[in-house]
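Input: a single structure, listed below in structure tokens.
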Amino acid sequence: MPYTKPVTIEPYYGTPVWIDHEVPIKEYLPLSAQCNSEEVELFLLHLFGYNDIDVNKSLEEAFNDLFEQESLVLSGGVAFFEDEQKVIMPSCCCGLEEIEDIYESIRNRMSPWLGHDPNPGVVYEDYCARVLSNDPESTDPEKLYYIEYKYEELLESLEKTKNDLLEFIEKPLFDWIYLRNQEIAFEMILKMKECFMKGMT
């Protein structure tokens, strides 16, 4: 059955000085309670780099700079999977902070913003929703593909996607930081929820 996941994409940034080893890079990173320590480090590398936070400072100084930001953004969002081989990823300029907006658009049977170049979208027919890999009007039909969901099952999967993000924040991300600084770990949970889970219940 098709499913969705919260993901970050293209984490191509330098490793913070407070991570003392090379972090394996993945093109995209699904976020969940099952993320391991290296995946948490990849998330942090990406978060600090994308928000232009100086990672040559100490862990305490770098996180304080992060907390001073009015808002945080991160390339990614919702990934749509038929299986491990057939996937539609968020595109350029789509962000992890937009997950709730994506959910609300689909709940209202509208096509959400999923990025550009390519330009994924969602179309609806009766009890089905099709996630298109690109805009049909600007794409070679032979290169266009879609993933079809039962509409109610797509909504249920998006609810689980929001919960996956919450569990990532509260478990592996919190645990990794807690081992290094307990006060920062608790403040990080609040900052993450404020910036990436606005409006979510």
Practice problem: Hey, could you check region 104-144 for residues that are surrounded by 14 or more Cβ atoms within 10 Å (Cβ to Cβ) and aromatic (Phe, Trp, Tyr) and say which is farthest from VAL78 (Cα to Cα)? | Solution: TYR124
Practice problem: Report yes if some residue within region 127-150 is under 30 Å from GLU68 (Cα atoms) and in a loop (DSSP other than H, G, I, E, B); otherwise report no. | Solution: no
Exercise. Considering each of TYR178, TYR151 in turn, give the residue that is at pLDDT 95 or above, over 19 Å from the mean Cα position of the chain (by Cα) and open to solvent by 70 Å² or more (accessible area, probe 1.4 Å).
Key: TYR178
Quiz item: If you scan region 85-100, which residues turn out to be open to solvent by 40 Å² or more (accessible area, probe 1.4 Å) and either without any contact (Cβ under 8 Å) to a residue 40 or more places away in the chain or among the aliphatic types (A, V, I, L, M) (or both)?
Solution: GLN85, MET89, CYS92, CYS93
Self-check item: All helices (runs of 4 or more DSSP H) inside region 151-201 with 2 or more residues being touching a residue at least 40 places away in the same chain (Cβ under 8 Å) and among the charged types (D, E, K, R)
Solution: 151-168, 182-196
Practice problem: Considering only region 91-108, state which residues are under 13 Å from LEU158 (Cβ atoms) and not acidic (Asp, Glu). | Solution: ILE99, ILE102, TYR103, SER105, ILE106, ARG107, ASN108
Quiz item: Scanning for something among the hydroxyl-bearing types (Ser, Thr, Tyr) and touching a Leu at 6+ places or on another chain (Cβ under 6 Å), does region 50-60 turn up at least one residue?
Solution: yes
Practice problem: Could you pull out the residue among TYR50, TYR28 that is farther than 20 Å from ASN181 by Cα, within 17 Å of the chain's Cα centre (by Cα), free of Cβ contacts under 8 Å to residues at least 40 places away in the same chain and open to solvent by 20 Å² or more (accessible area, probe 1.4 Å)? | Solution: TYR50
Exercise. Determine if region 106-121 includes at least one residue that is in a helix (DSSP H, G or I) and in contact (Cβ under 8 Å) with a residue 24 or more places away in the chain.
Key: yes
Quiz item: Restricting attention to region 11-25, and to residues there that are surrounded by fewer than 16 Cβ atoms within 10 Å (Cβ to Cβ) and not hydrophobic (A, V, I, L, M, F, W, C), which single residue is nearest to CYS93 (Cα to Cα)?
Solution: TYR12
Quiz item: Can you name the condition, by its number, that SER71 falls short on among (1) closer than 18 Å to PRO2 by Cα; (2) small (Gly, Ala, Ser); (3) open to solvent by 20 Å² or more (accessible area, probe 1.4 Å)?
Solution: (1)
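The values are calculated or read from the model by the stated rules, or taken from the named source; none is laboratory data. Note that the structure is a prediction, hence the values are computed from the model and not measured. Please note: Cβ atoms are built from the backbone with ideal geometry, for glycine as well, and neighbour counts cover all protein chains shown. Heavy atoms of the whole protein, side chains included, go into the accessibility calculation; ligands, DNA and RNA do not. Shrake-Rupley method; radii C 1.70, N 1.55, O 1.52, S 1.80 Å.
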